[in-house]
Amino acid sequence: MARKIIMDVDTGSDDACAIMLAAKSEELEILGICAVNGNRTLEETTENTLKIVELLGMEDKIPVIRGASRPMVKDLLPSRAHNAQTPSVHYDENGNEICYHPASFDLPAPHTKPLEKNFITWYADTILGSGEPVTIVAVGPLTDLGLLFRCEPKVLENIEEIVIMGGGHNQVNTTFASEFNIFMDPEAAEIVLQSGAKITMVPLDATHAASTYLSEAKLFRDLHTPVGDMIAELIEIRTNAYNRLQPLWDKDLCPLHDALAVAYLLDPRVLKHVLYTRVDVDISGGFADGATIVDTRVYRNMEPNCYYALDADRDLFNRIFYERIAGHKSV
Ligand code: RIB
Ligand code: CA
């Protein structure tokens, strides 16, 4: 029996890789995908999600729904609002925009529409109506889940696990203290962390370690499939952006953050040095707004609430990703 999952995404280039990996994995059954404001506006993340589901030819199987268009409370204070809806745009020497996430994927305009339903109702009906417990794979800001758990906490009775791509202990990316998904809605993240659900966090500490080389894009392009071509293009886009804007531990390298969260469901060995500990988020709105606070002490004074991965197996992740997209499994 395939594991039932709901994906919450801000599609985005690595969100798209996560969706394609999940859709190509027979171990997983995607009950639906909820798009949220994050990398781009809700309109853009929703349309990009529809495009990817149609590229997969799964528009009749996987419903797409619109989630929240703004953080729960963060943008009420101008001093806190981080307007990631118009990410700081950078240009190369030829005047070409350098970005991690295209506002609109270079794919045909979608012919399908998102469900005409309030996402809170959709989440509640889908989770409570599922015979088996549901796993949520959240790879954008956690606004949708924060609102859901405040409005309909009963859903927690039928949630098997929440896998979050977000956070960073030794690695950050959006400010000197925070990772993007958590920074975009710290209060929502803290609601999720205090929900009592089983939570596995796949943070930058792990996703940076699992990064994909530009040379590996050729493997996907050599598949000569629309999905393989799209993944190759997304790796190329991301590598260009990382080389120029956020160089990591090697050149021509990019993390496919969100896809690692899905790969964990396929083979937990992709995550290494996993702590079961207390994790909270700074919601004070100061210099460390949205920082992930991971208790790495042996003797803690608060109950653990999260499995937190400090490392990952790069070769295993990239092998799983490629093989699922290529349609053969050796692991
Ligand atoms: O910090 C990385 C995360 O922020 C990823 O989910 C990426 O898609 C962006 O949403
Ligand atoms: Ca994302």
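The values are calculated or read from the model by the stated rules, or taken from the named source; none is laboratory data. Everything numeric in this text was worked out from a predicted model, so none of it was measured. Positions of Cβ are backbone-derived with ideal geometry, glycine not excepted, and every protein chain shown enters the neighbour counts. What goes into the accessible areas is simple: the full protein's heavy atoms, side chains included, and nothing from ligands, DNA or RNA. Shrake-Rupley method; radii C 1.70, N 1.55, O 1.52, S 1.80 Å.
Consider the stretch 171-207. How many of its residues are more than 15 Å from ligand 1 (Cβ to nearest atom) and not hydroxyl-bearing (Ser, Thr, Tyr)? Number of matching residues: 9.
Under the condition of being of a type in the set (D, E, K, R) and touching a Leu at 6+ places or on another chain (Cβ under 8 Å), the residues counted in the stretch 238-258 number 2. In the stretch 106-125, of all residues being under 22 Å from Ala2 (Cβ atoms) and either in a loop (DSSP other than H, G, I, E, B) or open to solvent by 30 Å² or more (accessible area, probe 1.4 Å) (or both), the one that is farthest from ligand 2 (Cβ to nearest atom) corresponds to Asp125. Close Cβ contacts (under 7 Å, 6 or more residues apart or on different chains) running from residues in the stretch 1-21 that are in contact (Cβ under 8 Å) with a residue 12 or more places away in the chain and under 15 Å from Gly140 (Cβ atoms) to residues that are within 9 Å of ligand 1 (Cβ to nearest atom) and open to solvent by 10 Å² or more (accessible area, probe 1.4 Å) comprise Asp10/Asn39; Gly12/Asn39; Gly12/His101; Ser13/Tyr100; Ser13/His101; Asp14/His257. In this structure, Gly168 does satisfy being within 16 Å of ligand 1 (Cβ to nearest atom), modelled with pLDDT of 95 or more and touching a Pro at 6+ places or on another chain (Cβ under 6 Å).
Residues of the stretch 1-22 that are open to solvent by 10 Å² or more (accessible area, probe 1.4 Å), at pLDDT 95 or above and either within 14 Å of ligand 2 (Cβ to nearest atom) or out of contact with any helix residue (DSSP H, G or I) (no Cβ under 8 Å at 6 or more places or on another chain) (or both): Ala2, Lys4.
Take the conditions in contact with a Gly (Cβ under 6 Å, 6 or more places away or on another chain), of a type in the set (Asp, Glu), surrounded by 13 or more Cβ atoms within 10 Å (Cβ to Cβ) and not in a strand (DSSP E or B) and apply them to Asp144. Does it pass?
So Asp144 passes the test.
The C-beta contact set for the stretch 216-236 (first residue closer than 17 Å to His101 by Cβ, second residue polar (S, T, N, Q) and open to solvent by less than 70 Å² (accessible area, probe 1.4 Å), distance under 7 angstrom, 6+ apart or interchain) comprises Leu234/Ser13; Ile235/Thr212.
Of all residues in the stretch 246-295, those being in a helix (DSSP H, G or I), crowded, with 20+ Cβ neighbours inside 10 Å and not aliphatic (A, V, I, L, M) number 3. Criterion applied to Glu157, Glu179, Glu152 was being among the acidic types (Asp, Glu), open to solvent by less than 30 Å² (accessible area, probe 1.4 Å) and more than 21 Å from Leu316 (Cα to Cα), and the one residue passing it is Glu179. For Leu28, state whether it is within 16 Å of ligand 1 (Cβ to nearest atom), of a type in the set (A, V, I, L, M, F, W, C) and modelled with pLDDT of 95 or more. Judged against the criteria, Leu28 is not a match. Residues in the stretch 168-189 that are among the small types (Gly, Ala, Ser) and under 18 Å from Val73 (Cβ atoms): 3 in all.
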